[in-house]
1. Mind checking which of 260, 417, 166 is farthest towards the positive end of the chain's charge dipole, using Cβ charges of +1 (Lys, Arg) and -1 (Asp, Glu) about the Cα centre?
2. Shape call for segment 124-283 from the C-alpha gyration tensor, a ≥ b ≥ c root eigenvalues: rounded (a/c under 1.5), prolate (a/b greater than b/c) or oblate?
3. Applying 1/(1 + (r/R0)^6) with R0 = 45 Å to the Cβ-Cβ distance of residue 119 and residue 172, what FRET efficiency is obtained, to the nearest 0.05?
4. Between residue 67 and residue 394, what is the label-to-label distance in nm when each label sits 7 Å out along the Cα-to-Cβ direction?
5. Return the Rg/Rh ratio of segment 90-134 with Cα-based radii and a Kirkwood Rh.
6. Only Lys, Arg, Asp and Glu count, each charged at its Cβ (+1, +1, -1, -1), so figure out the dipole size of the chain about its Cα centre, rounded to 20 debye.
7. Could you give the accessible area per residue of segment 320-379, probe 1.4 Å, as a whole number in Å²?
8. With each run of n ≥ 4 DSSP H residues scored as -39500 (n - 2.57), what mean residue ellipticity at 222 nm is computed for the chain after dividing by its residue count and rounding to the nearest 500 deg cm²/dmol?
Amino acid sequence: MSGRTYEVRTYGCQMNVHDSERLSGLMEDAGYVRAAAGATPDVVVFNTCAVRENADNKLYGNLGHLAPAKKANPGMQIAVGGCLAQKDRGEVTRRAPWVDVVFGTHNLGSLPVLLERARVEREAQVEIRESLDVFPSTLPTRRESAYAAWVSISVGCDNTCTFCIVPSLRGTERDRRPGDVLAEVRALVEAGVLEVTLLGQNVNSYGRESGDRYAFGRLLRAAGAVDGLDRLRFTSPHPRDFTDDVIAAMAETPAVCHQLHMPLQSGSDAVLRAMRRSYRQSRYLGIVSRVRDAMPDAAITTDVIVGFPGETDADFEATLDVVREARFAGAFTFQYSPRPGTPAASMPGQVAREVVRERYERLVALQDEISLEENRRLVGATVQVLVAAGEGRKDGATGRVSGRCRDGRLVHLAVDPAAPPPRPGDLVTTAVTYGAPHHLVADGPPLAHRRTRAGDAHEAGTRPGGAGVLLGLPTVGAPRP
């Protein structure tokens, strides 16, 4: 295996991004080497998403582009994993017979063995499991960042949203023990990581397995108390499970960032009912109001779906009303597209594409207007920016560096030409000079520059990694801490 190279291509959500770090860790643990940029790898791994309408076309189109390379180099291997692989199963090798391995969301750890089996047996290996065998955090991980890290606290989802296929692909919710989560956070901080994001399909329903609805708030406080952790975030919570103790934990724990990404999906009670979202407009806005009361500086972002089956003009106007009242810092907006296997795909009242597009454009225009107003209000404010790699595409031309302030907003900032430039992982304090809809600019001289261990690690090219946190899921009947 020595010298064989690999590349992981990732589509979809933060869960997939973190899963790809594990896939990379598995490959390197098995002796593979990451392919150099621009080189043709010996193994290409697709970690797929099944949420969007064009996910299938995107995957099979990319597989088609690789077919000539595979034909020219029979030793090359192609693997397809993730949600679309879990959904399509043997359909992947039927539509793309040059694929060597298909694996699902529940057996990431099987990838190296399946690749070797396909190589030896000279035939495709399709292995899709219906339930999780080990918690993914027990797997080796190749972290992409020296300064920021994902930490999974749960996998799967117990919700039954009619537009979403994820629960059927990732299974029912399983929680990690709090001690396991905290052990991983401590290990990351000891390696120099400054920012941790707690990750779950429905992160604030953590504790449901044990019947403890306050477990997530306690976990936030405990993780936020880890010595050396500068920033703690979480994504994504569900309004149904959002409790006031979480707001208190956010407000009272210094490491927890005053940032909340809470999907709305629709502002219409009728549409929310059809979506099976189990909350209504008033509850959602009540949470927003209580968050703002406790943390006036909080940046709240959301997800909105436009054109859900049966959505009327009045329903859409209700969504616009909520957007105006909530004044989100930003929103991920989506045009509804039917996904095979979801109840919504066969619902009556499918909205015409041109109507969906027109509503979508109105929503984006409104949110951009609000985001611009909110960002302009920050001109003159002092912010602390965690400098990041890859956030500013124009930084080379503008002489700036980029990163995120504590509330999650993207900031492009000037550097002091007479001083060493900030590195990814360093913390820079600066003042905002300009606000745009999707970013802030700070063109004045930096007020402070803190060089960090994370910046040292990034500069040296080292990342937290190695074996996973070998604790995993509780066994049946095992006591929970």
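The values are calculated or read from the model by the stated rules, or taken from the named source; none is laboratory data. Everything quoted here is computed from the prediction, not taken from an experiment. In this analysis, Cβ positions are derived from the backbone assuming ideal geometry, glycine residues included, and neighbour counts consider all displayed protein chains. For the accessible areas, the whole protein counts, side chains as well, though only heavy atoms, and no ligand, DNA or RNA atoms are used. Shrake-Rupley method; radii C 1.70, N 1.55, O 1.52, S 1.80 Å.
1. Checking the options against the dipole of the chain, the answer is 166.
2. In terms of gyration-tensor shape, oblate.
3. 0.85
4. 4.1
5. Rounded to two decimals, Rg over Rh is 0.98.
6. 480
7. That works out to 53 Å² for each residue.
8. One gets -10500 deg cm²/dmol as the mean residue ellipticity at 222 nm.
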